[in-house]
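Working notes, beginning with the structure itself.
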Amino acid sequence: MTTPASDAALAEGHRVMALCRVCGYCTGLCPVFPALERCPSLARADLDYLANLCHNCRACWYACQYAPPHPFAINVPATLARVRTGTYRRYTWPRTLGRWTGEATATATIALAMTLLLPVLTLLWVPWERLFAVHREAGAFYAVIPWGVMTAVATLTLGWALLAATIGLARFWRDIAPHAPAVTRRRALLTAARDLLTLRHLDGGGPGCNDRDGSFTQGRRIAHLTLFYGLLLCLAATATAALFHHLLGRLAPYPLASAPVLLGTLGGVAMLVGIGGLLRAKHRADPAPTAAETLAGDYVLLAQLFAVAASGLLLLALRETAGMGLLLALHLGSVLGLFATLPYGKLIHGPYRAAALLRAALEGRRRDDRRPATPPERPDTD
């Protein structure tokens with residue numbers, strides 16, 4: 001779905017990238033500019049690809065000789081941020097929801113509604129003598145919200161989110177994918193996975209990002225990684241709890257020294273630390289290379305992740321008190337809110353960036369495969 005704003009962003013993206021390709025000064029800073037050289041037509045799909053390959057390290061802003069007040073007014077970070085937002089809307093499934101994708105107000109409304117809906121329904125349907133009782137027995141959580149209800153609601157919500165996200169991502173990949181042999185694809189997958197799991201390109205070409213000014217820092221990269229791996233630890237805790245439940249027949253809640261609790265606690269704390277680091281980086285960031293209208297979506301996502309982590313840790317701390325029932329409903333509601341908005345909020349940037357990294361790795365690997373394994377021997381002139 002295109003809008004006048006996304007059309008204007010694409011037009012500006014074409015102008016900026018065309019000038020950057022002629023200049024070539026920033027080629028060594030990040031993968032965007034080498035990839036730009038391999039996009040001679042700068043079609044819409046190329047701009048979408050370049051925008052999602054950009055990690056917003058801002059090094060190009062401080063290196064650019066054509067940035068404002070120069071008449072060319074080149075602002076690569078802000079321009080590509082606007083194109084990225086348009087990408088999410090154009091590839092949204094169902095397409096009718098594209099107009100709300102990336103809209104912070106819509107995302108926040110859905111997330112808040114989902115977060116509060118479950119506690120309200122719990123208050124209405126669960127007898128208060130059971131809801132506010134102290135439960136210490138095995139399966140205490142299911143005494144408040146039955147396991148079947150909990151599983152069905154979570155599965156339906158997450159299933160829809162994964163379906164919508166997968167269809168949108170498949171459409172995006174269909175438009176940007178280069179042709180490459182199977183061997184190249186396997187090798188490129190490893191390269192792209194490494195780049196994604198280490199956020200290697202949040203290094204501004206080596207020394208770090210330019211979050212606040214021309215000085216370099218690894219702070220934003222570290223905060224991103226802390227949040228990302230904290231979230232992965234929480235997912236691992238959920239998977240481990242499922243194994244405990246189905247394979248070992250052990251019902252939640254689990255002892256403090258058990259794998260699900262240890263993984264979830266470490267993950268929740270890491271998420272809060274990462275969120276704090278990112279909020280600090282955004283507060284200190286130079287506003288000049290920022291697309292200000294995209295910031296609200298960032299803050300909504302951080303608020304959602306904070307709600308999930310904080311409510312989970314609070315539930316752990318108070319699970320043997322009379323407040324456990326409502327805290328359980330609040331935590332599950334925040335998780336459902338995150339699931340429901342996954343294809344339509346800022347969290348979708350992860351899969352799109354992974355796809356862009358894969359194309360960059362495929363192109364880089366294909367170029368390496370065409371390069372001679374050993375330099376040709378010099379002719380004997382003696």
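Largest first, the three principal axis extents of the alpha carbons in segment 178-239 are 43, 35, 15 Å in whole numbers. The solvent-accessible area of Arg280, taken with every protein chain present and a 1.4 Å probe, is close to 150 Å². Shown for segment 198-278 is the translational diffusion coefficient from the Stokes-Einstein equation, using the Kirkwood radius over Cα pairs, a temperature of 4 °C and a viscosity of 1.567 mPa s: 92 µm²/s. Of the residues Leu243, Leu314, Pro31, the one whose Cα sits farthest towards the positive end of the charge dipole of the chain is Pro31 (charges of +1 on Lys and Arg Cβ, -1 on Asp and Glu Cβ, taken about the Cα centre).
Backbone amide hydrogens, once placed in the peptide plane, bring Gly139 within less than 5 Å of Leu251, Ala252, excluding anything fewer than 5 places away on its chain.
Using all pairs of distinct alpha-carbon atoms, the Kirkwood hydrodynamic radius of segment 268-333 works out to 13.4 angstrom. For the chain, the relative contact order is 27 percent, taking Cα pairs closer than 8 Å that sit 6 or more residues apart in sequence and dividing their mean separation by the residue count. Against the chain, whose longest principal axis is taken from its Cα atoms, helix 295-317 shows a tilt of about 40°.
Extent of segment 4-117 along its three principal axes (Cα atoms, max minus min coordinate, largest first): 53, 27, 25 Å.
Which whole-number percent gives the relative contact order of segment 176-253, counting Cα pairs below 8 Å spaced six or more residues apart? With pairs under 8 Å counted, the relative contact order is 14 percent. With protein chains left intact and a 1.4 Å probe, residues in segment 28-85 average 35 Å² of accessible area per residue. Rolling a 1.4 Å probe over the protein heavy atoms gives segment 219-358 an accessible area of 43 Å² per residue.
In this structure, the amide hydrogen of Thr3, modeled 1.01 Å from its nitrogen in the peptide plane, lies closer than 5 angstrom to no residue at least 5 positions away or on a different chain. Relative to the Cα centre, the charge distribution of the chain, modelled as +1 at Lys and Arg Cβ and -1 at Asp and Glu Cβ, gives a dipole magnitude of about 420 debye. Rounded to the nearest Hz, the phi-derived 3J(HN,Hα) couplings of segment 194-199 under the Karplus curve 6.51 cos²θ - 1.76 cosθ + 1.60 (θ = phi - 60°) are 4, 5, 6, 6, 10, 6, where x marks glycine and proline.
Normalised by the number of residues in segment 125-258, what is the relative contact order in percent for Cα pairs under 8 Å and 6+ residues apart? Display every interim value, and only then the final one.
Values: 51 pairs, mean separation 33.0, N = 134.
25 percent.
Backbone phi angles across segment 285-291, fed through the Karplus curve with coefficients 6.51, -1.76 and 1.60 (θ = phi - 60°), yield HN-Hα couplings of 5, 5, x, 4, x, 9, 7 Hz in residue order; Gly and Pro are listed as x.
The heavy atoms of Leu266 offer some 100 square angstrom of accessible surface to a 1.4 angstrom probe. Taking all protein chains as they are arranged and a probe of 1.4 Å, the heavy atoms of Trp160 leave approximately 110 Å² accessible to solvent. Ligands, DNA and RNA left out, the 1.4 Å accessible surface of the chain is 67% carbon and sulfur atoms.
For helix 76-90, report the angle its Cα long axis makes with the longest principal axis of the Cα atoms of the chain; keep it between 0 and 90° and round to the nearest 10°. It works out to around 60 degrees.
At a probe radius of 1.4 angstrom, the accessible area of segment 98-172 per residue rounds to 58 square angstrom. Computed from phi, the 3J(HN,Hα) profile of segment 330-343 under the Karplus parametrisation 6.51, -1.76, 1.60 (θ = phi - 60°) reads 5, 5, 5, x, 5, 5, 4, x, 5, 4, 4, 9, 3, x Hz, with x in place of Gly and Pro.
The values are calculated or read from the model by the stated rules, or taken from the named source; none is laboratory data. These figures come from a predicted structure and were not determined experimentally. Every residue, glycine among them, receives a Cβ derived from its backbone with ideal geometry; neighbour counts consider all protein chains shown. Heavy atoms of the whole protein, side chains included, go into the accessibility calculation; ligands, DNA and RNA do not. Shrake-Rupley method; radii C 1.70, N 1.55, O 1.52, S 1.80 Å.
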